[in-house]
Amino acid sequence: MTFEEIKSLDEQYVMHSYSRFPVAVDRGKGAVLWDMDGREYIDFTSGIGVTSLGHGDEGWLKAVTGQAAKLGHISNLFYTEPYARAARALCQGAGMSNAMFANSGAEANEAMIKLARKWSFDKYGKGRGTVITLHNSFHGRTITTLAATGQDKFHDYFFPFTEGFRYADANDMDSLEAVAGHDVCAVMLELVQGEGGVLPLDQDFVRKTADLCAKRDWLLLIDEVQTGVGRTGTLFAFQQYGLAPDVVSFAKGIAGGLPFGGVMANERCRDVFAPGTHGTTFGGNPIAAAAACHVLERMDEAFLAQVREKGDYLRAQVEELSLPCLGATRGLGLMIGVEVKAGWTNRELAARLIENGLLVLTAGPGLRFLPPLTITREEMDRGLAILKETLR
Ligand SMILES: *Cc1c(COP(=O)(O)O)cnc(C)c1O
């Protein structure tokens, strides 16, 4: 099909909940993509932080096709090896106790919220189900995770939203204390707010929040859907914040491109979900779990050190270009935000870059780069050259 044919089918048959950029992506290799006309693009998006090993990775392909040939699906009523192995790899890498799988970030966060509320119910009974989240956060698109998301623009149309969420300002302990109360069971944080604009939380604020959680017997819930699985240069971002969270959610990059996600709990939360209390038909699907095992196997210390190096390099190079429409960079590892200035909008700049062969994302008012973690120096340089030519 041509791009125009695809676009016209999309216009007629697809619900328009997205305003798409005018490119139909056909195939990819590494951090390079090709559209229907064979035009090349450098990928600074990895499908919103998903294709962590790049496109068409040989090891990933072997893990996925090998498992697909053996067993594609069976349900959670039976044991499978990929499920058990993926859970072990995650828990050992993160220092957590046990895990449960889902299919997306929103579902992972739903499970995390359910786990926190049940933990509190089991210990304290009713009336202690409130979760504090931060302004400018993003936790997903279900009715409950929209309610958990601390941005007013997500609290329209779909009334009634799930109750039991209060919002505090990031990096402001007074604001957090102001929404504390006897009905609270947990605080839920992204350590680098992703959709909100790639805003890393202050170490000091995070440490004090963890102390407050310990003092009030609240659970500390970390949403690592975007920051997790190597994206920030450690397996999980909480490891750079020196935290011991109670529950951690993950999704996006975990299976290198297949829908997968889940939660991990520490020792005191390991038995909250007893049989019958939470479940999913697809969650932990053997093909996605086999892909996750492969992704996790690849993320050894040398791989993670390279993510940190690449992140430093890319940020330094973007700053060095000192383009008039771009300001300071921020982020952690290969999760990079770039300020947009000089009267431009991030959407305008993204459209121009994409037109010129560099796929980028927006986040908050800025640009966001989430390249595959396997991106090479040469691929980064090609992306930077497009950035320079397009925006100078
Ligand atoms: C993307 C994202 C989600 C939602 O994940 P989906 O897979 O789109 O449901 C939740 N939390 C954070 C931090 C995210 O970046």
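Going residue by residue through segment 313-320, is there one that turns out to be open to solvent by less than 30 Å² (accessible area, probe 1.4 Å), within 16 Å of the ligand (Cβ to nearest atom) and at pLDDT 95 or above? Looking for residues that are open to solvent by less than 30 Å² (accessible area, probe 1.4 Å), within 16 Å of the ligand (Cβ to nearest atom) and at pLDDT 95 or above, one finds none in segment 313-320, hence no.
The number of residues in segment 136-150 being open to solvent by 30 Å² or more (accessible area, probe 1.4 Å) and more than 11 Å from the ligand (Cβ to nearest atom) comes to 2. Among the candidates Gln239, Gln226, the residue that is at pLDDT 95 or above, of a type in the set (S, T, N, Q) and surrounded by fewer than 24 Cβ atoms within 10 Å (Cβ to Cβ) is uniquely Gln239. Just one of the listed residues (Phe159, Phe154) is within 15 Å of the ligand (Cβ to nearest atom) and without any contact (Cβ under 8 Å) to a residue 60 or more places away in the chain, and it is Phe154. When you look at Phe282, is it over 25 Å from Ala111 (Cβ atoms), of a type outside the set (Gly, Ala, Ser) and surrounded by fewer than 20 Cβ atoms within 10 Å (Cβ to Cβ), yes or no? No, not satisfied.
Selection of first residues in segment 180-198 that are open to solvent by 10 Å² or more (accessible area, probe 1.4 Å) and of second residues that are away from the ligand (no atom under 15 Å from the Cβ) and among the aromatic types (Phe, Trp, Tyr), restricted to Cβ pairs under 9 Å at least 6 apart or on distinct chains, gives the following pairs, ordered by first then second residue: Ala180/Trp218. The helices (runs of 4 or more DSSP H) falling completely within segment 44-135 that include 2 or more residues that are at pLDDT 95 or above, open to solvent by less than 30 Å² (accessible area, probe 1.4 Å) and more than 16 Å from the ligand (Cβ to nearest atom) map to 58-70, 81-94, 105-124. For segment 9-30, filtered to residues that are of a type in the set (Gly, Ala, Ser) and in contact with a Phe, Trp or Tyr (Cβ under 8 Å, 6 or more places away or on another chain), the residue that is surrounded by the fewest Cβ atoms within 10 Å (Cβ to Cβ) is Ala24. If you filter segment 242-253 down to residues that are away from the ligand (no atom under 16 Å from the Cβ) and of a type outside the set (A, V, I, L, M, F, W, C), you find that the one that is modelled with the lowest pLDDT is Gly242. Against the test of being more than 17 Å from Asn266 (Cβ to Cβ) and among the aliphatic types (A, V, I, L, M), the options Leu199, Leu191, Leu220 yield a single qualifying residue, Leu199.
Among the residues of segment 177-205, those that are more than 12 Å from the ligand (Cβ to nearest atom), within 22 Å of Trp119 (Cα to Cα) and within 24 Å of the chain's Cα centre (by Cα) comprise Cys185, Ala186, Val187. Within the option set Gly331, Gly279, being in contact (Cβ under 8 Å) with a residue 24 or more places away in the chain and in a loop (DSSP other than H, G, I, E, B) holds for one residue only, Gly279.
The values are calculated or read from the model by the stated rules, or taken from the named source; none is laboratory data. Just so it is clear, the model here is predicted, and its values are computed rather than measured. Neighbour counts run over all protein chains shown; Cβ positions are idealised from the backbone, glycine included. Please note that ligands, DNA and RNA were not included when accessible areas were found on the heavy atoms of the full protein model with its side chains. Shrake-Rupley method; radii C 1.70, N 1.55, O 1.52, S 1.80 Å.
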